[in-house]
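The values are calculated or read from the model by the stated rules, or taken from the named source; none is laboratory data. Just so you know, these numbers come straight off a predicted model, no measurement behind them. Virtual Cβ from ideal backbone geometry, glycine too; neighbours counted across all protein chains shown.
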Amino acid sequence: MAIYRSKGDPHYRIQFRLNNRTYVRSAKTTDKRIAERMEAEWKAQVHAQQYLGTRDEITVRQILDAYLKAPLAPATVKHARVFVNVVQRYFNIDVNASQFDQRELHRFREQRSDEGNKASSIRQHMRVFASAWRRIDSKVYNAPELVLPKFSVPKQKTEYLSEDDEEQLLSYLLQRKPHAAGTGDWQHEIHDIVVLLLDTGARHNEIAKLEWKAIDLNRKTIELWRGKTDSASYIYMTDRVHRVLQRRATAKRHERWVFTNWERTSHRSDNTTYLNKIIKDAGVPYTVHTLRHTYATKMLKAGMTLNDVRVLLGHSSIQTTLRYGHIEASDASPKAVAILNKQNVDRNRSKLKVV
């Protein structure tokens with residue numbers, strides 16, 4: 001039964017067996033001749049894949065569309081959608097991946113740069129393209145290895161809150177007038193979020209989607225889901241995080257979510273625009289992500305290694321954590337001085353004993 005019609009469906013279906021495997025799909029046509037031609041083409045294609053080692057063609061657009069349908073973090077999906085909308089203005093994405101001229105990416109970078117776009121924005125777009133390309137199964141689809149344009153990595157100054165900045169921010173959040181801070185159970189909402197961000201080093205979207213089932217107040221632990229790396233981290237609570245969560249647990253506003261939306265129907269929004277505004281209103285010229293940098297800086301200054309901080313921040317690669325390398329390096333000199341001073345003191349003591 002190669003070509004047939006199902007009851008109630010006017011379209012022809014194709015079915016055949018090859019190498020002990022059954023292949024079935026709709027021809028999406030009521031014309032028998034077209035269906036027969038499609039059957040012959042499909043058989044030839046499957047035969048070539050199995051016996052000749054040929055692979056299916058896939059267009060750049062199909063690669064990007066598949067990436068957008070993948071289970072990605074909301075922020076990643078947002079960047080990917082922007083990239084897909086932008087890139088179509090610069091080169092043809094309906095071409096097969098096997099025929100895609102990768103020099104187009106170099107031209108894309110140069111044109112975007114000439115138009116005044118930031119290098120960081122262009123790099124982000126290149127990362128989206130590379131991530132989508134990596135998801136292709138090269139055993140199935142005919143897609144060559146992708147070679148991205150090289151970017152010079154700018155020297156970054158990692159900003160973080162000083163002790164005075166942190167005190168100023170938390171005091172402002174507790175002293176805001178009820179109209180601005182919210183009344184009743186909303187009064188400490190932003191304060192509580194900031195405390196968790198400062199003392200866990202978590203990303204805002206990880207705290208926004210924090211569930212009560214992930215919190216153990218007796219053991220003082222939080223099982224934090226890292227959407228960016230698709231993994232879980234166990235974090236111990238500081239005393240002030242424990243106090244915040246204990247207070248919120250006593251007067252739960254939602255059975256599942258620790259922080260909710262205004263309607264109390266779901267988790268808090270991933271959007272940080274409002275929170276960034278509040279931080280600036282407090283006279284602290286930073287953003288929500290600076291709280292994460294602050295946590296990492298504190299850990300390194302306390303003597304933790306870069307790898308310790310990588311684990312705490314949930315980075316999948318040490319390369320991401322290396323942005324804090326200058327902080328670890330800045331503490332190396334005082335440690336060296338302490339070692340040499342001790343050696344010099346011990347040496348002088350030994351000389352005195354000899355005399």
Counting only residues in segment 230-245 that are surrounded by 16 or more Cβ atoms within 10 Å (Cβ to Cβ) and touching a strand residue (DSSP E or B) at 6+ places or on another chain (Cβ under 9 Å), the one nearest to residue 311 (Cα to Cα) is identified as 233
Segment 151-203: helices (runs of 4 or more DSSP H) wholly inside it with 2 or more residues that are more than 23 Å from the chain's Cα centre (by Cα) and either at pLDDT below 90 or assigned by TED's automatic domain parsing to the domain that holds residue 130 (or both) are 163-175, 178-181
All-but-one check, residue 214 against (1) within 23 Å of the chain's Cα centre (by Cα); (2) free of Cβ contacts under 8 Å to residues at least 60 places away in the same chain; (3) crowded, with 17+ Cβ neighbours inside 10 Å, failing number (3)
* Asked: Within the bounds of segment 106-123, is there any residue that is in contact with a Lys or Arg (Cβ under 9 Å, 6 or more places away or on another chain), more than 22 Å from residue 228 (Cβ to Cβ) and aromatic (Phe, Trp, Tyr)?
  -> no
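Every residue, every condition in (1) touching a helix residue (DSSP H, G or I) at 6+ places or on another chain (Cβ under 9 Å); (2) more than 17 Å from residue 198 (Cα to Cα); (3) at pLDDT below 90, yes or no:
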residue: 244; (1), (2), (3): yes, no, no
residue: 257; (1), (2), (3): yes, yes, no
residue: 293; (1), (2), (3): yes, no, no
residue: 306; (1), (2), (3): yes, yes, yes
Picked from segment 224-242 (must be outside any strand (DSSP E or B) and hydroxyl-bearing (Ser, Thr, Tyr)), the residue modelled with the highest pLDDT is 238
Only one of 308, 270, 281 is of a type in the set (Asp, Glu) and touching a Phe, Trp or Tyr at 6+ places or on another chain (Cβ under 8 Å), namely 281
Considering residues that are of a type in the set (Asp, Glu) and within 14 Å of residue 4 (Cβ to Cβ), the number found within segment 21-50 is 2
Of the candidates 89, 61, 109, the one satisfying the condition of being touching a Pro at 6+ places or on another chain (Cβ under 6 Å) and modelled with pLDDT of 85 or more is 109
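Return the total of residues in segment 96-116 being assigned to a loop (DSSP other than H, G, I, E, B) and over 14 Å from residue 126 (Cα atoms).
4
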